Structures are given as structure tokens and as C-alpha cells.
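The values are calculated or read from the model by the stated rules, or taken from the named source; none is laboratory data. Everything numeric here is computed off the predicted structure, so don't read it as measured data. So basically every Cβ, Gly included, is an ideal-geometry build from the backbone, and we count neighbours across all protein chains shown. Just the protein is used for accessible areas: all its heavy atoms, side chains included, with ligands, DNA and RNA removed. Shrake-Rupley method; radii C 1.70, N 1.55, O 1.52, S 1.80 Å.
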Amino acid sequence: MDLSYEETIRRLKEYELEEKKRGTNYQFCTNVKYPYYIDIYKGEGQLIVVPLITNIAWQSTQMAWHKIISNTNDSILIGNYIFEAFALIKNRWVDARTVQECKDDSIIKNATKCKSYKSFNKKYLLCGVILEEDGKITISPTEKLDGNKGYGGNDEGLVYLTNNTSPEEIGNAVINCFNTMEEAEKNAKSSSKKCTSVIETLSNYKISFEIPDLNRYNDEQDFHSAEIYQGYSFSYQNTDEPTALLYFSIASKLNNELQKGAIIDAFKKEYEEVSDITYHKLTNSFYEYFADIISKNYRKMAYFKLLDNDELFSCELILETKKLRKSTISKIITDFNNLVESCRFITK
């Protein structure tokens, strides 16, 4: 249902009157502001272009307007629909549809063969297109959340363009974005069987672990430190300086001191002042202690196990939080915890 401006204003005044009767001062949203968002979905042999609009409750919702593209490689048509969608948002008023009206306008219901959101999420990939007020356009890939429960942001593969870019160039960027996501999905399925590796410690223990996804992390053969057994790094596009490090280490800086104060002091010497720390003993885990240290620019998570009087073994993660999006941090922490949980003794 595409509400007219007059009907939108009528509903706004009606809702405002109801709020006054309740004695509340709730302020409804009345203007659409930048940035503008467009969702582009690919699945079932088609693309669906649907702009997002701000509703009167200050939230973002998909508009009733959408376009279906059967030729998923038609870059000019994709680009033209993107510009048409942005123009529609720019000249549009806020959305005052009811929850039921939005459900009736759902693209799942009106543009796909899917019977539920879960099946839609399983079949369709999502590419986001964002227009800033200064004219910058970002083509943004996404990742499917576990259990087909939605889509999460993905910093890898972002493309930056401008509103002066031709429709064909923008269309090609979207096509390449989907190609990258399809390749990543294919690699994830083919690498679903975990590969393992083994560390032999100075105290003559052998510890096996599952290797993290090497499509996402670089295997660091040399961390320039004799204290690190094995490490992996994360960086955008695998070309920039690493913004996250996952590694197995001899925690020599602690001198086998598993006290909160010693952990804080070691962090301060290597990084900066600590703003918060969580530290506790573990049960039902390969490791014995866990620390989560947060500072202005960093976050360090570490699991410790005392192998003998001379070796404190640790699995550690260091994040440069200011350089990473929250969704990326969440994904890296999940991968790190999977790495920790996979650790096993083989023999001594």
C-alpha cells in the first residue's frame, strides 16, 4: 500500500492526538534524512531492488515500491533502478503504514516463491547500497547470520563510488559484490570440514586445534617473536595492516602470575591504560582462566593454562577496536572462541 502524502499527514495528526490523550510527549518522525539505503536481493534467478524509508517511529522499513530484474547481469538496468530508488526516497515523505500493511507489501510475499523469512534468507543474498549527503555511494556486501535468521554487515569488499558514477559502473559494482558473496558462500560450504593443526609446546605437550578460515585470516608464519607458537591475522582485503591477531603463545610477560593485577600491568606495558577487565576461573574447559581486557583503542581476550612450573600457555586475541565495525568484531570473537574450544591434548 503506497500511502499518499495527504493520508500520511492525516495519520500523523491522528496519532499525535492519541498521544496527547495519553498525556505523553512522544515526537513522531516527520522528515526523511540521509543516508539513504537500498536493499538489493539476489536469488531464485532474479534481483529485487527495494528502497528503505524512515517510518514515523524513527525506524527504517522497506517501501512498498520494488523492482524485479530477471537478467541479473544487466548492469545498466541495475544502475538505473538504483538511481530511480534514490530519487524516490529523496522526494518521499515518511512512512505511516501499519505493521499489517507493511507485511502485506512484503517483497517475500509479492516478489518471491518463499513461504517464510527463514527460507527467503536461505535462498537470497543481500547487497546494500548507501547514499550519503555528500554524494558518496557505498556498495556493501553482507553475511548470512547463523540459522538463516537475517543478514549481518561485512566490511570486506566494500566499494566506494559517487552519485556522478554512471549507472553501468554502479550496476557492475553490485554484480561484482554478489559474485564475491557467492564465491565466499561456495568456499564456506566446501570448507565446512575443519582442518586441524598441532602445536608442540616447550614443555613437550602436543595440542591440536582447528585452523580458522584461511579465506578470512592470514596464516602468520613469523610473528617476529619467539614467544608465539602459531598466529593468524585479520585485515580488510588482506592487504592492509592487520587489525586483529589470534595466536597461541607462551605468556612469559606474566611470569606464571595468574593474578588480575599482573594481567593489567602486562597489558599497560604493551598497549595502554585499562578501562575495564573481566577475569575469572573456568570450569569444563581446556583452559583454566579467562581475561577480557578493554581499553580506549584495544580489546584483548586471553585464555590461560598452566602446563608446568615453567610454561603458562595461552590463546589470545587482540583487536584494534577503533578500526573495526561492531559486526566484524562480533564475527572475529566468534571465530576466536571456536579456536579456543577446539583445543585438545594429543600426547605428552
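Quick rundown of the values:
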{"read-out": "Every residue from segment 216-274 that is modelled with pLDDT of 75 or more, part of a loop (DSSP other than H, G, I, E, B) and out of contact with any helix residue (DSSP H, G or I) (no Cβ under 7 Å at 6 or more places or on another chain)", "value": "R216, Y217, S235, E241, P242, A251, L258, Q259, Y271, E272, E273"}
{"read-out": "Count - residues of segment 1-22 that are open to solvent by 90 Å² or more (accessible area, probe 1.4 Å) and without any contact (Cβ under 8 Å) to a residue 40 or more places away in the chain", "value": "7"}
{"read-out": "Subset of segment 272-293 [buried (at least 17 other Cβ atoms within 10 Å of the Cβ) and touching a residue at least 24 places away in the same chain (Cβ under 8 Å)]", "value": "F286, Y287, Y289, A291, I293"}
{"read-out": "Residue tally, condition of a type in the set (A, V, I, L, M, F, W, C), closer than 23 Å to I346 by Cα and at pLDDT below 90, over segment 203-215", "value": "0"}
{"read-out": "Given (1) aliphatic (A, V, I, L, M); (2) surrounded by fewer than 18 Cβ atoms within 10 Å (Cβ to Cβ); (3) closer than 27 Å to S208 by Cα, number of the condition I264 does not satisfy", "value": "(3)"}
{"read-out": "Any hit, segment 314-334, residues being small (G, A, S) and open to solvent by 30 Å² or more (accessible area, probe 1.4 Å)", "value": "yes"}
{"read-out": "Selected residue (criterion: farthest from D308 (Cα to Cα)) from residues of segment 200-215 that are in contact with a helix residue (DSSP H, G or I) (Cβ under 9 Å, 6 or more places away or on another chain) and charged (D, E, K, R)", "value": "D213"}
{"read-out": "Number of positions in segment 335-348 that are open to solvent by 10 Å² or more (accessible area, probe 1.4 Å) and aromatic (F, W, Y)", "value": "1"}
{"read-out": "Subset of segment 139-152 [open to solvent by less than 50 Å² (accessible area, probe 1.4 Å) and not hydroxyl-bearing (S, T, Y)]", "value": "I139, P141, G147, N148, G150, G152"}
{"read-out": "Some residue of segment 173-185 being among the acidic types (D, E) and surrounded by 13 or more Cβ atoms within 10 Å (Cβ to Cβ)", "value": "yes"}
{"read-out": "Filter result for the condition that a residue is out of contact with any Leu (no Cβ under 9 Å at 6 or more places or on another chain) and over 30 Å from F178 (Cα atoms), over I9, I48, I56", "value": "I9"}
{"read-out": "Every pair of residues 6+ apart whose Cβ atoms lie under 7 Å, when the first sits in segment 310-325 and is more than 18 Å from E270 (Cα to Cα) while the second is open to solvent by 10 Å² or more (accessible area, probe 1.4 Å) and among the basic types (K, R)", "value": "F313/K305"}
